[in-house]
Amino acid sequence: MKKLLYTILLIVLTTLTAQTQQIGMYSDFMMNAFYYSPAYAGSQEALVVNAGYRKQWAGFDNAPSNFHVNLLGSVKNKGKVGYGVGVYNESSGLMNITGIRLNYAHHFKLSENVKLGLGIQPGYFQYRIRLYDAIQADEGDDILSGNVYSTNAFDINMGFNLYSKKFFVMASAQRILGSMIKFTGFNSQLQFHFNAIAGYNFHFEKQKIELQPSILVRYTEPVPVQVSPMIKMKYDEKYSLGLLYRHDDAVAVIAGYTWNKRLSVAYGYDISINALRKYNSGSHEIMLSFILNNKKPTLEELDDKLNNSILEDTNKSSK
């Protein structure tokens, strides 16, 4: 009888892990691009710390939730060698995933305005299943009482980032190793992930407006391709407002504010547009980003800024 119970338990655990293979998502993917591509590290020419929390499907018991903290930058803020480290936690139902990612990226100058970043991101994560929280058919079952099953996995993510001040195209392959590693308890269960992000920045200097249409494409076998277009508007380098549509899933509104070009905070709210809409009151997401230090302007850049300021003052006085 005990053997049969353990066999049933193994089947349940396998089903749970198979259903939770897709890496967590964020609606404000541009504020957490490092989460989707290791080649993003170093592209900002600054040392940045960011954090985020997402609570999916409020009103559902044990609904998915994500939390992360990242530190990323480039050596001497020169935008050539990028580095990063990220810690994250994802939970869904009885399962909890805690992991750490290290990051290395190298950026090449293709032209005066265009750069290409290539990144690699090894990581370690642990899966835990809280059996003591399981709803038991027979009260007092000693197999489910007070147990936590855990296992671990190693993996590597790789990606590229082609970008300039006007546009960006980045893509990554995540969980590349998968079943190639045999000595861990969970690598054989990992599913390959593919992410791609592209966008363009429109600057309207007189109106102090920046408009950024972008799109995120995600694929995880056997889940269908998920497409999420987003448009975000920023005014006076302080206030931002975005609208996202996630195909066959949800629409999201994202609002943010930036203090002194250093501290940014954003809040996002998702409304389900599928059958789940009847059973939840939306998803909530908050993101924080803080620039610890950034690249100091060169003498040439300071001189250009001074000349532009003098020219603007001259034009104003001549009107």
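Read the figures in this text as sums done on the coordinates, not as results from a lab. Model, not experiment: these values are computed from the prediction. With ideal geometry, Cβ positions are generated from the backbone for all residues, glycine too; neighbour counts draw on all protein chains shown.
Given a Förster radius of 25 Å and the C-beta distance between LYS165 and ILE120 as r, what FRET efficiency does 1/(1 + (r/R0)^6) yield to the nearest 0.05? Write out the running numbers ahead of the final one.
Working: r = 25 Å, r/R0 = 1.02.
That gives a FRET efficiency of 0.45.
In sequence order, what are the phi-derived ³J(HN,Hα) couplings for the range 267-284 according to the Karplus relation 6.51 cos²θ - 1.76 cosθ + 1.60 with θ = phi - 60°, rounded to whole Hz, with x for glycine and proline?
Rounded to whole hertz, the list is 10, x, 10, 9, 10, 5, 10, 10, 4, 6, 4, 6, 10, 8, 9, x, 10, 10.
Arranged from highest to lowest average of other beta-carbon atoms within 10 Å per residue, in what order do the peptides 35-43, 107-115 appear?
Highest mean packing first, the order is 35-43, 107-115.
If you take the beta carbon distance between VAL49 and VAL227 as r and set R0 to 25 Å, what does 1/(1 + (r/R0)^6) give as a FRET efficiency, to the nearest 0.05?
In this case the efficiency is close to 0.25.
Calculate the FRET efficiency for LEU110 and ASN152 from the Cβ-Cβ distance with a Förster distance of 41 Å, rounded to the nearest 0.05.
0.55
Tell me the label-point distance for the pair ASN260, LYS208, using the 7 Å Cα-to-Cβ offset, in nm and rounded to one decimal.
1.9
Would you calculate the separation in nanometres between label points at ASN89 and LEU288, each defined as 7 Å from the Cα along the Cα-to-beta-carbon direction?
Label at ASN89, label at LEU288, 1.5 nm between them.
Go through LYS238/LYS278; LYS55/LYS261; LYS78/LYS238; LYS76/LYS238; LYS55/LYS109 and tell me which ones have a Cα-Cα distance over 32 Å in this structure.
Numbers: LYS238/LYS278 36 Å; LYS55/LYS261 27 Å; LYS78/LYS238 25 Å; LYS76/LYS238 27 Å; LYS55/LYS109 39 Å.
Where the Cα-Cα span goes over 32 Å, the pairs concerned are LYS238/LYS278; LYS55/LYS109.
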